Amino acid sequence: MGPAGTAAKHAMKSQRYLLTIILFLLVIAGCSPGKHTPSAPENARVSPLPSKDRLASFVKWLADDDRRGRGPYTDELGQAANYLVQEFQRAGLSGVNQPSPDLQSFRPKLNWSFDPTTNLKIRVADSDFSSLQIYEQFVPVLGSPQIHFSGALAFVGFGIHAPEHGYSDFEEIDLQGKVAVILRHEPQLNDAASRFSGTRLTRHGLIREKIQAAQQRGAVAVLLCNDSGYLDRKLNKGDGQTDPLIRSNPSENRNYTIPVLHVQRSIVERWMVQGGGPTLRDAEAELNAQLKPASHDINGHHIQGEIHIRQNKSFLKNVIGYLPGTGNLANEVIIVGSHYDHLGMGQFGSLAPWTVEIHNGADDNASGTAGILELGWRLFDRQSENHRAILLIAFSGEEMGLLGSEYYCKNPLFPLESTVAMVNLDMVGRLSTNGRVEVYGVDTAQEFRPSLSNIARSLSIETEFHPEGYGPSDHATFYQRNIPVLHFFTGLHNDYHRPSDDFDKVDTDGLSKICDLVELVVWQLATDPDRPKPTSPGTSLSLEGSLLSDIDLSRDRGLGIRLKRAKSGEGFQIVGFENASLLGADQLQSGDIILSINGRPLETLTQWLDSTEDRNRDHTILVQRGGIRLRIRMPASMASDLNQP
């Protein structure tokens with residue numbers, strides 16, 4: 001049976017028989033059965049809970065500690081997929097060609113993780129080797145080769161060779177066959193009079209430069225640790241944990257030629273004291289005061305380690321519930337989607353990367369997933385003689401780069417030409433905090449803006465409209481294919497991508513109101529005889545509004561600065577930094593409104609991304625800060641590899 005058929009409304013003969021009896025009894029009683037309702041799968045339509053309580057139960061289950069953050073390739077994410085199948089079925093939804101909801105299984109090409117055999121061990125004098133704990137005391141840095149290494153330890157200051165500044169940490173140290181311990185960033189980075197570039201980082205502070213210099217002098221591995229200047233700046237800003245490890249993703253590759261690991265500062269401090277030399281803080285203070293190398297062997301210490309990367313063989317799964325269409329519109333489809341994966345125990349993608357802790361993702365995106373489950377109940381009851389089919393899709397792999405929606409678009413259950421619109425819910429659990437629901441994509445079809453305005457007004461829901469259809473959630477995948485999209489979102493908050501995004505902070509009353517809004521929007525799309533007329537989508541990065549940089553915290557693009565369109569409509573406001581140690585303290589600040597870059601008014605995020613892609617020039621940025629305007633120079637060295645100092 002094809003997806004356009006209506007036979008899936010009648011899942012089992014016994015259910016049809018039961019429905020016939022009920023209708024017969026209603027007629028005898030003189031009652032009108034009203035609109036036709038499709039039969040539900042066995043054990044479906046049993047929910048004594050009112051809508052708000054049902055929503056709360058969905059969010060609570062998905063965001064419970066037992067789900068361990070619904071991380072990729074985990075048993076708990078698989079449990080969530082099974083739960084969604086069950087709940088779609090209970091709501092009365094089937095699969096396109098089967099009684100139970102569909103599961104789309106896929107395995108991304110880039111699907112790697114550090115193998116548990118990855119290790120780092122230290123031996124002091126004649127003692128046995130002792131192991132450090134991965135992710136807690138050390139982490140391999142992305143791009144490190146898979147290799148076994150060992151060698152004596154040597155402290156090499158900041159690992160800088162800068163003859164143009166009359167400075168080299170390598171002058172009086174033999175690194176041949178040794179493991180180099182190197183501080184991040186540069187000396188005197190908090191000193192505006194520094195001979196390097198004042199408080200602006202130069203290329204010598206970048207990891208790749210340090211690795212290259214160490215390797216050229218015979219080092220077999222590099223162990224990085226945070227410098228005190230960086231940690232002092234974090235402490236002064238009240239910015240989270242005091243000694244964070246670099247986030248690392250083995251699926252990314254910078255092709256470092258020797259192993260690179262990041263070790264907790266306290267560990268290095270202990271090694272240096274045990275080696276009989278100066279303390280780490282004293283050695284660093286001397287470097288900053290005198291700008292003279294303090295490199296030396298860490299006596300009696302031998303380190304060995306192994307880095308292993310493995311390919312995960314498990315699958316990710318999209319979960320799809322299907323409500324068949326009827327009449328003349330049955331061959332067309334509306335997609336209502338949300339992603340149900342999150343960050344698991346953190347580490348990759350977390351904004352608290354120093355933690356190995358459950359990231360429950362209650363707002364992101366248990367809230368949106370609960371929303372489509374609830375909409376399954378509501379839309380099942382909204383039948384008419386002519387309406388489009390509705391697919392409710394819980395996508396997986398969104399946090400890894402919209403993998404689930406991309407897989408669906410390449411393997412659709414309905415032809416994409418028959419897909420009339422896609423409606424997405426991502427982070428819709430904080431209405432009471434934001435006071436309004438933000439709707440993106442209102443100009444991706446000619447009819448969307450006036451229609452949404454009327455529906456929101458009828459429900460007394462405050463909205464903030466954004467024209468663009470691109471952004472870092474699953475709707476963007478459909479918009480790239482010229483399908484009109486609407487994306488519902490209640491805004492960023494300080495719990496985003498942190499362990500504190502928990503159930504108790506979700507506004508289920510507000511979530512229920514958003515479901516009211518989305519229900520009416522989707523049903524109007526499903527029943528309107530005319531398809532919405534798409535507007536031209538533009539380029540794949542035509543991101544005129546705030547959503548991309550509100551949420552996409554990629555450290556490789558846009559200088560790691562998170563932006564949203566200024567309320568005045570002129571320029572983009574900075575809402576945060578991916579690397580607050582380099583920006584914000586002395587240059588750009590949160591709240592600044594960027595008005596122009598390199599003399600051109602900043603009108604779109606595409607322009608920002610394209611401009612900052614030029615890594616070989618300085619950038620001049622005009623910002624509005626309160627009542628004054630400032631011109632700030634961003635040196636090319638900072639743009640070249642800001643994410644890896």
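The values are calculated or read from the model by the stated rules, or taken from the named source; none is laboratory data. All figures in this text were calculated on a predicted structure; none of them were measured in a lab. All Cβ positions, glycine included, derive from the backbone under ideal geometry; neighbour counts span all protein chains shown. Areas reflect the complete protein model, heavy atoms only, side chains present, ligands, DNA and RNA absent. Shrake-Rupley method; radii C 1.70, N 1.55, O 1.52, S 1.80 Å.
Some points to look at:
- In the set (1) at pLDDT 95 or above; (2) open to solvent by 70 Å² or more (accessible area, probe 1.4 Å), the condition left unmet by residue 58 is number (2).
- In region 323-353, of all residues being at negative phi and in a helix (DSSP H, G or I), the one that is least open to solvent (accessible area, probe 1.4 Å) corresponds to 329.
- Condition check for residue 320: over 30 Å from residue 124 (Cβ atoms), of a type in the set (Val, Ile, Thr) and not in a loop (DSSP other than H, G, I, E, B): yes
- Tabulated pairs, region 404-420, first within 17 Å of residue 479 (Cβ to Cβ), second aromatic (Phe, Trp, Tyr), C-beta under 8 angstrom, 6+ apart or interchain: 404/106; 404/395; 405/395; 405/478; 407/106; 408/395; 409/478; 419/478
- With respect to the conditions (1) at pLDDT 85 or above; (2) on the phi > 0 side of the Ramachandran plot, residue 198 falls short on a single one, namely (1).
- Residue in region 295-322 that is modelled with the lowest pLDDT, counting only those that are open to solvent by less than 10 Å² (accessible area, probe 1.4 Å) and closer than 30 Å to residue 397 by Cβ: 307
- The strands (runs of 3 or more DSSP E) falling completely within region 123-186 that include 2 or more residues that are more than 30 Å from the chain's Cα centre (by Cα) and under 16 Å from residue 208 (Cα atoms) map to 179-183.
- Residues satisfying the stated conditions in region 597-645, i.e. open to solvent by 10 Å² or more (accessible area, probe 1.4 Å), modelled with pLDDT of 80 or more and not in a loop (DSSP other than H, G, I, E, B): 600, 601, 620, 622, 624
- Counted residues, region 254-288 - those being within 38 Å of the chain's Cα centre (by Cα) and open to solvent by 10 Å² or more (accessible area, probe 1.4 Å): 13
- Breaking point among (1) assigned to a loop (DSSP other than H, G, I, E, B); (2) touching a helix residue (DSSP H, G or I) at 6+ places or on another chain (Cβ under 7 Å); (3) surrounded by 18 or more Cβ atoms within 10 Å (Cβ to Cβ), for residue 194: (2)
- The sole residue among 201, 189 that is surrounded by 21 or more Cβ atoms within 10 Å (Cβ to Cβ), touching a His at 6+ places or on another chain (Cβ under 9 Å), farther than 28 Å from residue 299 by Cβ and in contact (Cβ under 8 Å) with a residue 40 or more places away in the chain is 201.
- Failed criterion for residue 383 (all others in (1) assigned to a loop (DSSP other than H, G, I, E, B); (2) open to solvent by 30 Å² or more (accessible area, probe 1.4 Å) hold): (2)
- Among the residues of region 212-250, just one is modelled with pLDDT under 80, in contact with a strand residue (DSSP E or B) (Cβ under 9 Å, 6 or more places away or on another chain) and basic (Lys, Arg), namely 247.
- Count of region 272-294 residues which are charged (D, E, K, R), farther than 22 Å from residue 163 by Cβ and out of contact with any helix residue (DSSP H, G or I) (no Cβ under 7 Å at 6 or more places or on another chain): 1
- Residue match in region 358-368 (condition: over 22 Å from residue 405 (Cβ atoms) and not in a helix (DSSP H, G or I)): yes
- Residue selected from region 64-75 under the condition touching a residue at least 24 places away in the same chain (Cβ under 8 Å), in a helix (DSSP H, G or I) and open to solvent by 10 Å² or more (accessible area, probe 1.4 Å), by the criterion farthest from residue 341 (Cα to Cα): 65
- Residue within region 394-414 that is buried (at least 24 other Cβ atoms within 10 Å of the Cβ) and more than 19 Å from residue 81 (Cβ to Cβ) present: no
- Which numbered condition residue 156 fails, given (1) within 30 Å of residue 203 (Cβ to Cβ); (2) in contact (Cβ under 8 Å) with a residue 24 or more places away in the chain; (3) loosely packed, with under 15 Cβ neighbours inside 10 Å: (3)
- Test: residue 18 is at pLDDT below 50 and either hydroxyl-bearing (Ser, Thr, Tyr) or open to solvent by 80 Å² or more (accessible area, probe 1.4 Å) (or both): yes
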